[in-house]
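Engineer: This is the structure I have questions about; it appears just below.
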Amino acid sequence: MSTNITIEPLNNAYCEQIVNLILPIQQIEFNVPVTLADQPDLLDIETNYLQDGGNFLGAKHGDELVGTIALINTGHKASALRKMFVKKEFRGKEHGIAQLLLDNLIEFCSANSITDIYLGTVSMLKAAHRFYEKNGFTKISADALPPYFPRMKADDVFYHFHI
């Protein structure tokens, strides 16, 4: 694991860096049909994630943002995991960034009495599916999602994790 990586809370001061990391991964690398207009939450991290007891974390290599993970507190001791992205050059077990981000988010949940994490992703992101399953997430049907889970238009695969 790279020792040059730090995990830090992010706020609105990081919106431009967050957008510049996430959009190219979605649009160019994975051809997910999503735009910034589909994700206005990226332009106001504090209102959409932090205000209601959620979190938005970044993995930084020096001053460069190389990974993100976010959590929306949905109430009911539950949350929605969002915006888990790691820059291509920093992916893999040798860096361990995805694992660091997820571990930090689970620690946040435990410290804040959040017992359930739900997430949606897209079917083409097979490596993400393997990562979540390796970390104890269980694939569930869309019908099994709680009614308060905020679904994203592009998502077609769903997972649940109980802490």
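Laboratory data are not the source of any read-out in this text; all were calculated from the coordinates shown. These figures come from a predicted structure and were not determined experimentally. All Cβ positions, even for glycine, are placed from backbone atoms using ideal geometry, and neighbour counts span all protein chains on display.
Engineer: Rounded if a/c is under 1.5, else prolate if a/b beats b/c, else oblate: with a ≥ b ≥ c from the C-alpha gyration tensor eigenvalues square-rooted, which is segment 30-95? Each step should come with its number before you reach the end.
Structural biologist: On the way: a/c = 1.83, a/b = 1.44, b/c = 1.28.
Note, shape of segment 30-95 comes out prolate.
Engineer: Which of the three applies to segment 72-163, rounded, prolate or oblate, going by the alpha-carbon gyration tensor with a ≥ b ≥ c and a/c under 1.5 meaning rounded?
Structural biologist: Details: a/c = 1.94, a/b = 1.23, b/c = 1.58.
Oblate, since a/c reaches 1.5 and b/c is not below a/b.
Engineer: At most 11 other C-beta atoms within 10 Å and a DSSP loop state: those are the exposed trypsin sites (Lys or Arg not before Pro) I care about. Give me the longest piece of the chain that has none.
Structural biologist: 1-92
Engineer: Ok, one more. At residue 47 and residue 113, where each label point lies 7 Å from the Cα along Cα→Cβ, what is the point-to-point distance in nanometres?
Structural biologist: Reported label-point gap for residue 47 and residue 113 is 2.8 nm.
Engineer: In Å³ and rounded to a whole number, note down the convex hull volume per residue for the Cα atoms of segment 1-55.
Structural biologist: 112
Engineer: Roughly speaking, what is the stretch gain from residue 144 to residue 162, that is 0.36 nm per residue apart minus the C-alpha to C-alpha distance, in nm to one decimal? Before the final figure, lay out each step's value.
Structural biologist: Values: separation 18, 0.36 × 18 = 6.48 nm, distance 1.40 nm.
Extra length from residue 144 to residue 162 when fully extended: 5.1 nm.
Engineer: Can you run the Rg to Rh ratio on the chain? Use alpha carbon positions and the Kirkwood inverse-distance Rh.
Structural biologist: On the way: Rg = 14.6 Å, Rh = 15.9 Å.
My calculation of the ratio gives 0.92.
Engineer: Still on this model: State the extension gain, in nm to one decimal, for the chain segment bounded by residue 27 and residue 8, taking 0.36 nm per residue of separation less the distance between their alpha-carbons.
Structural biologist: 4.3 nm
Engineer: Calculated from DSSP H runs of 4 or more alone, at -39500 (n - 2.57) each and per residue, what is the 222 nm mean residue ellipticity of the chain, nearest 500?
Structural biologist: Only helices count here, giving -6500 deg cm²/dmol.
Engineer: Excluding residue 62 itself, what net charge comes from residues whose Cβ is under 15 Å from its Cβ, given Lys and Arg +1 and Asp and Glu -1?
Structural biologist: -2
Engineer: Would you pull out the residues with amide H under 5 Å of residue 32's amide H, same chain only if 5 or more places away, H placed 1.01 Å from N?
Structural biologist: Those qualifying (amide H under 5 Å, at least 5 residues apart or on another chain) are 27.
Engineer: A further question on this structure: Have a look at the DSSP beta bridges in segment 53-163 and tell me what percent are antiparallel, nearest 5.
Structural biologist: Numbers: 23 of 27 bridges.
Taking every DSSP beta bridge within segment 53-163, about 85 percent pair in antiparallel fashion.
Engineer: Still on this model: Quick one: in segment 111-163, what % of C-alpha pairs are over 18 Å apart?
Structural biologist: Details: 403 of 1378 pairs.
Here the long-distance tail beyond 18 Å is 29 percent of all Cα pairs in segment 111-163.
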